[in-house]
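The next block holds one structure in the form of structure tokens; read it before the comments.
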Amino acid sequence: MEKDYFVPFDAYGEDRFEEKRSKFTSRLWRVETPDEAVAKIKEMRETHWDAAHNCWAYILREGNIMRYSDDGEPQGTAGMPILDVLRHENLVNVCCVVTRYFGGILLGTGGLVRAYTQGAQIAVQAAGVMQMSMFSVVLIACPYNLYEIVQHLLPDFDCAVEETDYGADVTLTCSLPAGGEEALNRALADTTAGQVYAEVVETKFMGRRIK
């Protein structure tokens, strides 16, 4: 089974702060490909062409790609600190750009590292973090007289009802953590005298917010 991974919860997050008159704006996106990440970076460079620096980092799950740039700041003071924050949060499929408008006061190497670290941190906070885990999608068809019994059983197996169809029987489309189907079916069989079972129709990654 594929491992869980973490992505930005919102497709976009933004925040800003000021440090010794330099103005920093941090932006973070959920992206799927290198082209998407590069397009966001290019957009920021073109939109904020008058900024002193547009420093960035991105990480992609496919191919385990990591890229970053100091964009003219002293080497190692901007792009790498941004990347380090993304890695610390275990984020993938993420692109972060921190734009700096220089305020006339030098921050020094340590000050720059702290500023760009803060920039990435507040961007992550603005977007949130979502854990992607493998789930099974199942169909459960049950007679109306067993519907309430089945409903009460499902939460014990972290099984969430996504859709309900009221036909000849009640058909529930549910999702639960992959690997939990056998235990759910044993409980359904015991509770309904073998009349109701869960049929797996697909497995896929699904997300839930953790930050």
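The values are calculated or read from the model by the stated rules, or taken from the named source; none is laboratory data. Bear in mind the structure is a predicted one, so any value in this text is a computation, not a measurement. Quick reminder, even Gly has a Cβ in these numbers, built from the backbone with ideal geometry, and neighbours come from all protein chains shown.
Is at least one residue of the stretch 143-158 more than 27 Å from S22 (Cβ to Cβ), among the hydroxyl-bearing types (S, T, Y) and outside any helix (DSSP H, G or I)?
Residues of the stretch 143-158 that are more than 27 Å from S22 (Cβ to Cβ), as a first pass: 143-158.
Then keep just the ones that are among the hydroxyl-bearing types (S, T, Y); that gives 144, 147.
Narrowing the set further to residues that are outside any helix (DSSP H, G or I) leaves none.
No, the stretch 143-158 has no match at all.
Rundown of residues vs (1) in a helix (DSSP H, G or I); (2) modelled with pLDDT of 95 or more; (3) among the polar types (S, T, N, Q), yes/no style:
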position	(1), (2), (3)
G103	no, no, no
G111	yes, yes, no
Y116	yes, yes, no
Q131	no, yes, yes
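Among residues of the stretch 44-86 being in contact with a strand residue (DSSP E or B) (Cβ under 9 Å, 6 or more places away or on another chain) and among the acidic types (D, E), the one that is surrounded by the most Cβ atoms within 10 Å (Cβ to Cβ) is E73. Taken over the stretch 173-197, the criterion of being farther than 17 Å from S133 by Cβ and assigned to a loop (DSSP other than H, G, I, E, B) is satisfied by A193, G194, Q195, V196, Y197.
Whether a residue is free of Cβ contacts under 8 Å to residues at least 12 places away in the same chain and either at positive phi or out of contact with any helix residue (DSSP H, G or I) (no Cβ under 8 Å at 6 or more places or on another chain) (or both) was assessed, and G103 does not pass this test. Could you tell me whether Y116 is among the hydroxyl-bearing types (S, T, Y) and either farther than 30 Å from R16 by Cα or touching a His at 6+ places or on another chain (Cβ under 7 Å) (or both)? Criteria not met by Y116. The combined condition, being modelled with pLDDT of 95 or more and not in a strand (DSSP E or B), is fulfilled by I82. Considering only residues that are in a strand (DSSP E or B) and either surrounded by fewer than 14 Cβ atoms within 10 Å (Cβ to Cβ) or in contact with a His (Cβ under 8 Å, 6 or more places away or on another chain) (or both), which ones fall in the stretch 161-172? Result: E162, E163, T164, D165, Y166.
Looking at I122, I210, just one residue is under 30 Å from C55 (Cα atoms), within 26 Å of the chain's Cα centre (by Cα), among the β-branched types (V, I, T) and surrounded by fewer than 17 Cβ atoms within 10 Å (Cβ to Cβ), and that residue is I210. Of all residues in the stretch 1-40, those being crowded, with 18+ Cβ neighbours inside 10 Å, under 20 Å from G63 (Cα atoms) and over 12 Å from the mean Cα position of the chain (by Cα) number 2. The listed residues are D10, D71, D15, D35, and the only one of them that is among the charged types (D, E, K, R) and assigned to a helix (DSSP H, G or I) turns out to be D35.
Quick one: S175 ticks every box in (1) surrounded by fewer than 13 Cβ atoms within 10 Å (Cβ to Cβ); (2) under 30 Å from E89 (Cβ atoms); (3) at pLDDT 95 or above bar one, so which box is it? Condition not satisfied by S175: (1). From the list V200, V161, V92, V138, the lone residue that is free of Cβ contacts under 8 Å to residues at least 24 places away in the same chain and under 29 Å from the mean Cα position of the chain (by Cα) is V161.
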